Structures are given as C-alpha cells and as structure tokens.
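J.: Can you read through this structure? Questions will come right after.
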Amino acid sequence: MRRRGAASRSRAGGGILEDWPASRVRAGGLCKKGGRAVDTQEALAKIDEFRKAIDDIDSRVVRLLNERAKIVLEIKKVKEESGVPIYDARREEQIFENLRRSNEGPLFDEALREIYETVLHWMKNLENED
C-alpha cells in the first residue's frame with residue numbers, strides 16, 4: 001500500500017467527552033492530556049470549529065458528485081446516440097491513475113481507489129437507469 005503525506009488517523013464515533021476517560025474530563029475545567037493542562041471548553045470549541053469546516057467540505061463534495069453525475073448522464077446520451085459502448089474499462093483505470101498522481105496525502109492511494117470504486121459503482125448505476 002503506497003501512501004503520500006504525513007500519518008493521520010482519527011477516531012469515528014461519539015463526541016470528545018465520550019472518547020476521553022472520565023478521569024480526564026472536568027466539567028468546564030482543566031484536564032491533563034499528554035502532561036499538559038487542556039481547557040475542555042476550549043477544546044470543545046476548537047473541535048466544533050473543525051467539524052463546521054468538515055460539514056462545509058462535505059457539502060462541497062456532494063455538490064461536486066452531483067455535478068459529476070450530470071456530466072456522466074451527458075456522456076451517456078452521446079454514447080447512446082453514437083453507438084459507443086457505455087462501459088470503458090480503460091477510462092476507469094485512467095481515473096484511478098489520475099487519482100494516484102494527484103494524491104498528496106494523508107490518505108493512502110488504496111483508500112482513494114476504494115472511495116472512487118464506490119463513486120464509479122453508483123455512477124454506473126445511474127448510467128444503467130432508463
């Protein structure tokens with residue numbers, strides 16, 4: 001598995017207070033994390049700021065996926081009108097290669113491939129609808 005960029009992993013699931021051991025959480029106060037005092041309210045505010053940024057990114061991703069889907073439907077029309085086969089395995093591999101080349105991390109190339117395999121699966125389903 002090839003990867004670009006620095007290591008970065010996050011936990012899925014509940015909020016920060018659910019993930020931290022109870023001994024580290026002090027309601028509105030300070031707690032020790034990694035040998036330094038952390039204001040939990042400050043940490044929660046920072047996390048909220050990051051989550052808002054993620055929500056904005058997610059909204060843009062949805063808009064771009066729908067834009068991509070509209071283009072896929074336009075390509076489908078052209079292919080149907082000209083008798084060109086809908087599926088092109090070479091194009092799919094070209095997409096994966098483009099992703100690999102443009103990946104600057106921290107996601108693994110394989111992770112992007114798996115994400116796009118799902119995207120392409122649903123785009124193909126869209127193409128196959130009448």
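J.: Report the full-extension gain for the segment D88 to D56: residue separation times 0.36 nm, less the Cα-Cα distance, to one decimal in nm.
T.: 8.2 nm
J.: Say R0 is 30 Å: what FRET efficiency, to the nearest 0.05, do F96 and E49 get from their beta-carbon distance?
T.: Efficiency computed from Cβ-Cβ geometry: 0.30.
J.: Here's another thing I want to ask about it. Treating only the Cβ atoms of Lys and Arg (+1) and Asp and Glu (-1) as charged, compute the dipole magnitude of region 87-130 about its Cα centre; round to the nearest 20 debye.
T.: The calculated dipole for region 87-130 is roughly 180 debye.
J.: Along Cα→Cβ, 7 Å out, is where each label goes; now give me the distance between the ones at V78 and W122 in nm to one decimal.
T.: That separation, rounded to one decimal, is 2.4 nm.
J.: Can you compute 3J(HN,Hα) from phi for each residue in region 71-88, using the Karplus curve 6.51 cos²θ - 1.76 cosθ + 1.60 with θ = phi - 60°, rounded to whole Hz and x for Gly and Pro?
T.: So the J values, rounded to whole Hz, are 5, 4, 5, 5, 4, 4, 4, 4, 5, 5, 5, 9, x, 7, x, 5, 8, 9.
Readers should treat all values here as calculations from the given coordinates under stated rules, not as data from a laboratory. Fair warning: this is a prediction, and the values are worked out from it, not measured in the lab. Because the Cβ atoms are built from the backbone with ideal geometry, glycine has one as well, and the counts that use them run over all protein chains shown.
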